[in-house]
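Presented below is the structure to which this report refers.
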Amino acid sequence: MGRWMRPEVYPLLAAMTFVTSLCTFQLVRNVLQNPDVRVNKAHRKMAVLENREEGMKYAEHGFRKFLRTRPPEVMPTINHFFSQDN
């Protein structure tokens, strides 16, 4: 990057970039896809939106559907290793 930045700062810079990108992703996702956020002027006039299908689509996204098929283990290899009877 240059001489003005110390090499010890690179891991911190990487972590902060990663966290900032996650926050930006979540913000953009909520603004564009969340049914409770009303950017459109026509939707803001309505007190209650009848959008159950849109809400279910937002709540049941692809990553959640993928995780339902996976076993609830954080590290399956280590769990399997320590649970074996020798």
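The values are calculated or read from the model by the stated rules, or taken from the named source; none is laboratory data. Keep in mind that this is a model prediction, so the values were computed, not measured. When we count neighbours, we look across all protein chains shown, and the Cβ atoms used for this are built from the backbone with ideal geometry, even at glycine. These accessible areas exclude ligands, DNA and RNA; they are computed on the full protein's heavy atoms, side chains included. Shrake-Rupley method; radii C 1.70, N 1.55, O 1.52, S 1.80 Å.
Kindly check whether there is at least one residue in segment 44-51 that is surrounded by 10 or more Cβ atoms within 10 Å (Cβ to Cβ) and under 19 Å from the mean Cα position of the chain (by Cα). Taking every residue of segment 44-51 in turn, none turns out to be surrounded by 10 or more Cβ atoms within 10 Å (Cβ to Cβ) and under 19 Å from the mean Cα position of the chain (by Cα). Once segment 1-21 is narrowed to residues that are exposed (fewer than 10 other Cβ atoms within 10 Å of the Cβ) and not in a helix (DSSP H, G or I), the residue that is modelled with the highest pLDDT is Arg6. Residues in segment 58-86 that are exposed (fewer than 10 other Cβ atoms within 10 Å of the Cβ), over 30 Å from Pro35 (Cα atoms) and either touching a His at 6+ places or on another chain (Cβ under 7 Å) or among the charged types (D, E, K, R) (or both): Asp85 only. Tell me, please, whether a residue that is at pLDDT 80 or above and not acidic (Asp, Glu) can be found in segment 43-56. Yes, some residue in segment 43-56 is at pLDDT 80 or above and not acidic (Asp, Glu). In segment 63-79, the residues that are farther than 28 Å from Arg29 by Cβ form Cβ pairs under 6 Å with partners that are open to solvent by less than 100 Å² (accessible area, probe 1.4 Å) and not in a helix (DSSP H, G or I), at six or more places apart or across chains, as follows: Asn79/Glu73.
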